[in-house]
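Heads up: the structure comes next, in structure tokens.
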């Protein structure tokens, strides 16, 4: 018997809900982004989550990449990608204008 983890089934259910109700979900996000509290909350969550992930990736690189040259290259790539994702995510959160509010 094939065993499917519970989280995979939950993810499929959530994706099916989003496909059926994408306009309602989009309106919910747009309405939420009209208040400064939720923009700030989402910006803080973006920064904390991304920095947490980058710190974990940095730890793995330092633990498992042995050659100094490859480690420097890997960390530089990680920091550059991290900066790009932080900048783009912050830009989207800070400049998002819901339709009909401009």
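Picking from 72, 99, which residue would you name as being loosely packed, with under 14 Cβ neighbours inside 10 Å and without any contact (Cβ under 8 Å) to a residue 60 or more places away in the chain? Result: 72 is the single residue among 72, 99 that is loosely packed, with under 14 Cβ neighbours inside 10 Å and without any contact (Cβ under 8 Å) to a residue 60 or more places away in the chain.
Those helices (runs of 4 or more DSSP H) of the range 19-102 in which 3 or more residues are at pLDDT 95 or above occupy 36-64, 68-95.
The values are calculated or read from the model by the stated rules, or taken from the named source; none is laboratory data. In this text, all values refer to a predicted model and were calculated from it rather than measured experimentally. Note that each Cβ is placed from the backbone with ideal geometry, even for glycine, and that neighbours are counted across all protein chains shown.
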